[in-house]
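Shown next, in structure tokens, is the structure this report addresses.
Bear in mind these aren't lab numbers, they're just calculated from the coordinates by the rules spelled out. Predicted model, so just to flag it, every value in this text is computed and none were measured. When we count neighbours, we look across all protein chains shown, and the Cβ atoms used for this are built from the backbone with ideal geometry, even at glycine.
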């Protein structure tokens, strides 16, 4: 593979992909070194964000365990991203795809719990019902990809559709709440940065020095985002707790 690539460069031909993969330089057997390192960094960023969340948000907060679960799902996804980029085989590829999609579905569930759920039992029942629908959709996705057809196009369309719907919903919620909850600018900034970072995936190019391709730079760009996101989550938790104490004080 590298001999063919060296010949292509020597004679001015474009660098080609091999079975859909760029020719990366392996280091200690790791196939995509930059993406592997940046995946580890993303995982550690979520661990750090989770520790900050636990230290700043009391357990009585209604979404305390929901956001913790979201962090654990995110950490799990980045672990499989690390494993997949280190060693690309059918099993690690599937686990990376399934874990990444679980992260998006979990974010959708957290969003539903925050926006739809509340102190009233009826609202909580609706939010948990939506959560059951989310779980069913995710289970159907895994079943189709694992047992019917591992379809790359379907995977992209599924995740992009969920991601766009989630982002639009957050933007709408932030617009409605911006006067009473000025900290929502953190949510908006997070979404804008995430959307901008996704643009790196669109301009695919051969790896520089055999290490850095567009996908690895996408992973690099997402490293600081968990800290910004959980700063928003902490502020939102404090706002809800304050509102709850005001309501209880009136009773």
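When a/c is below 1.5 the answer is rounded, else prolate if a/b is larger than b/c, else oblate, so apply that to the stretch 104-251 with a ≥ b ≥ c taken from the square roots of the Cα gyration tensor eigenvalues. It comes out oblate by the Cα gyration axes.
Taking each residue as 0.36 nm, the span from residue 72 to residue 183 lengthens on full extension beyond its C-alpha to C-alpha distance by 37.5 nm. Distance between the modelled labels on residue 55 and residue 143, one decimal in nanometres: 4.4 nm (7 Å Cα→Cβ projection). Just to confirm the number: angle between the C-alpha axis of helix 64-86 and the first principal axis of the chain, 0 to 90 degrees, nearest 10? Rounded to the nearest ten degrees, it is 0.
Given R0 = 41 Å, the distance between the Cβ atoms of residue 208 and residue 100 translates into a calculated FRET efficiency of 0.95. Hydrodynamic radius of the chain by the Kirkwood approach over all distinct alpha-carbon pairs: 20.1 Å. Helix 225-250 axis versus longest C-alpha principal axis of the chain: approximately 10°, rounded to the nearest ten. Can you tell me the orientation of helix 121-143 relative to the chain, as the angle in degrees between its alpha-carbon axis and the longest Cα principal axis, to the nearest 10? Tilt relative to the chain: about 10 degrees. Estimated purely from DSSP H runs of n ≥ 4, each contributing -39500 (n - 2.57), the mean residue ellipticity at 222 nm for the chain is -24500 deg cm²/dmol once divided by its residues. The label-point distance for residue 47 and residue 161, in a model that sets each label 7 Å from Cα toward Cβ, rounds to 3.6 nm.
Take the Cα of residue 152, go 7 Å toward its beta carbon, and the backbone nitrogen atoms of the stretch 60-88 under 15 Å from that spot belong to 88.
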